[in-house]
């Protein structure tokens with residue numbers, strides 16, 4: 001009771017203080033003075049094979065972080081592009097001294113994390129297990145077990161990944177924009193293909209390892225609960241057998257910006273959003289006087305949710321979920337980029353706003369400058385809590401040849417930046433008049449608007465080859481909504497067979513990020529629908545409509561359908577929607593588009609566009625427009641692998657794209673005429 005009274009008294013005292021001082025609760029508190037930064041300096045030594053080792057003792061927690069980085073320019077892989085990634089996967093397949101199972105069981109037993117990349121490795125563990133983890137890392141690096149079988153398995157996974165990303169606008173944008181900026185036959189612009197991965201053999205992996213995965217110009221950084229005197233002999237013992245490659249360092253191929261800003265378009269017919277990026281190459285280096293002003297300029301432009309791009313494209317115009325920019329001072333690929341995924345119909349407007357913001361960023365307001373400084377300083381201070389940050393600082397200091405006080409003076413360097421400094425930095429790093437505006441999207445929807453912006457527009461295919469502007473196919477005058485619908489109904493079995501079906505249930509499964517998901521979708525005459533999603537035996541989502549009313553349920557919480565949702569579902573209550581197409585003027589023939597590689601008639605309805613193969617008549621896909629977080633979002637679905645079910649052809653592969661993620665459902669079974677009224681309650 002006494003403690004409670006103390007709290008009450010303190011509350012009244014606090015309230016009285018506020019009243020007396022008239023504090024404005026809406027005012028942002030003024031930041032205190034910039035704190036002094038003390039960053040532990042690493043103790044450094046070098047092995048005879050060229051490996052530089054940096055050790056930072058940090059005894060706050062009984063953990064140790066290890067990172068290995070090879071400082072070398074990117075190299076051209078040519079006809080076997082992707083071989084370095086295939087090589088990196090092999091390090092976890094055991095060593096010449098330990099089987100794959102024993103190696104991975106040992107890591108798990110020690111509770112450690114150990115990973116490899118084509119450019120290094122990383123590990124973290126409890127400090128008491130650090131010697132064993134270090135030994136395992138060194139064994140994997142020095143004595144890799146490259147086997148033809150494991151390489152074939154890696155190739156299959158890589159090819160599967162490439163095929164799954166063939167329709168993904170973001171994946172296409174990433175590879176083609178790089179290829180155009182640096183040249184597709186260069187180390188920075190090449191990309192792997194199904195063909196290049198297929199050509200990779202054991203000898204290619206061994207060759208890349210011998211030439212490039214070596215201690216020459218490599219850095220091993222250890223941060224954590226260790227003692228330098230004990231660590232040094234450990235490392236000498238573990239890594240002294242790693243032999244130098246003596247591979248000459250090659251210069252990266254020259255690259256330059258376009259003479260004048262242009263728009264590069266890759267046609268992705270299935271895209272419901274355009275991936276837009278504005279890119280240019282610059283020469284920014286971390287030790288340049290412009291580094292901190294450029295970093296601040298980038299933060300004000302596109303560094304987060306309060307930056308100009310975000311506030312313009314999302315908050316003001318509602319074009320996208322988010323728009324950001326990045327200023328890279330990479331040693332081998334310094335560049336600027338700004339990007340967002342926007343709705344097809346506003347692609348041209350979004351490009352215009354991007355360029356408006358890029359042209360305006362040379363002038364910043366005092367409050368923007370101070371806010372950016374405060375945010376960047378706060379992020380820097382918070383990052384110091386992570387051992388990986390200290391490792392990165394130590395590595396950067398060596399690789400980028402930074403002054404010894406670069407990080408201890410980091411906050412002061414930010415404080416010194418003026419608006420004039422920002423303007424000067426922008427002029428040498430962001431080039432609105434010499435940028436590539438790259439767009440991966442549905443050309444038939446976006447080309448007309450883009451060509452009115454005044455920039456040259458060039459078209460490329462998914463392999464970065466120049467192509468002619470995609471043109472819409474003409475629809476024969478005899479083709480109508482009714483004829484397309486009739487051809488589909490005939491193709492799947494005919495109206496006589498369809499009339500025998502009063503309901504059908506689809507039982508399907510898919511995997512999302514390693515998690516198996518089961519789907520049950522039920523439809524019956526009268527517009528009745530039920531969809532249920534199950535994970536790990538638990539129903540995580542359910543939606544039900546009985547023809548008159550319905551609800552959605554997620555994690556036990558039911559939400560009744562809104563009147564407008566009910567009205568939309570009641571527009572077409574046919575079990576097979578195409579039965580109603582000819583009866584309603586709301587369905588329009590909208591041309592021919594490519595869906596799943598097939599020319600398909602597009603029939604546009606109130607909320608959904610349906611696609612039917614010109615050749616077979618079968619439904620190839622549909623794109624529904626749904627509302628999410630106050631914005632309209634298009635959700636495309638494709639159908640394939642049709643098989644006979646009770647005299648009617650049904651698709652056994654259904655792929656859905658939501659928020660850029662492709663999810664493929666494999667149908668396990670169909671149930672015909674098994675639904676009951678109670679299933680829709």
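Overview of results
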| quantity | calculated |
| --- | --- |
| Of residues in the range 651-661 being in contact (Cβ under 8 Å) with a residue 40 or more places away in the chain and crowded, with 19+ Cβ neighbours inside 10 Å, the one nearest to the chain's Cα centre (by Cα) | 657 |
| Test: residue in the range 152-167 that is under 28 Å from residue 236 (Cβ atoms), loosely packed, with under 15 Cβ neighbours inside 10 Å and at pLDDT 95 or above | no |
| Filter result for the condition that a residue is surrounded by fewer than 17 Cβ atoms within 10 Å (Cβ to Cβ) and at positive phi, over 78, 120 | 78 |
| Wholly enclosed strands (runs of 3 or more DSSP E) of the range 218-295 bearing at least 2 residues within 29 Å of residue 462 (Cα to Cα) | 262-267, 273-281 |
| All helices (runs of 4 or more DSSP H) inside the range 328-423 with 2 or more residues being without any contact (Cβ under 8 Å) to a residue 12 or more places away in the chain | 366-383, 387-399 |
| Hits in the range 19-39 (condition: at pLDDT 65 or above and either surrounded by 13 or more Cβ atoms within 10 Å (Cβ to Cβ) or not in a loop (DSSP other than H, G, I, E, B) (or both)) | 34, 37, 39 |
| Qualifying residue in the range 505-522 (condition: more than 38 Å from the chain's Cα centre (by Cα) and surrounded by 15 or more Cβ atoms within 10 Å (Cβ to Cβ)) | no |
| Subset tally (residues that are part of a loop (DSSP other than H, G, I, E, B) and more than 19 Å from residue 171 (Cβ to Cβ)) for the range 181-204 | 6 |
| Among the residues listed as 472, 482, the single one being touching a strand residue (DSSP E or B) at 6+ places or on another chain (Cβ under 6 Å) and surrounded by fewer than 17 Cβ atoms within 10 Å (Cβ to Cβ) | 472 |
| Filter pass, residue 321 being over 18 Å from residue 438 (Cβ atoms), within 19 Å of the chain's Cα centre (by Cα), touching a residue at least 24 places away in the same chain (Cβ under 8 Å) and surrounded by fewer than 22 Cβ atoms within 10 Å (Cβ to Cβ) | yes |
| 2 or more residues within 24 Å of residue 236 (Cβ to Cβ) and either outside the structural domain of residue 331 (by TED's automatic domain parsing) or touching a residue at least 40 places away in the same chain (Cβ under 8 Å) (or both): qualifying helices (runs of 4 or more DSSP H) within the range 62-142 | 100-109, 130-142 |
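The values are calculated or read from the model by the stated rules, or taken from the named source; none is laboratory data. Source: prediction; values computed, not measured. So basically every Cβ, Gly included, is an ideal-geometry build from the backbone, and we count neighbours across all protein chains shown.
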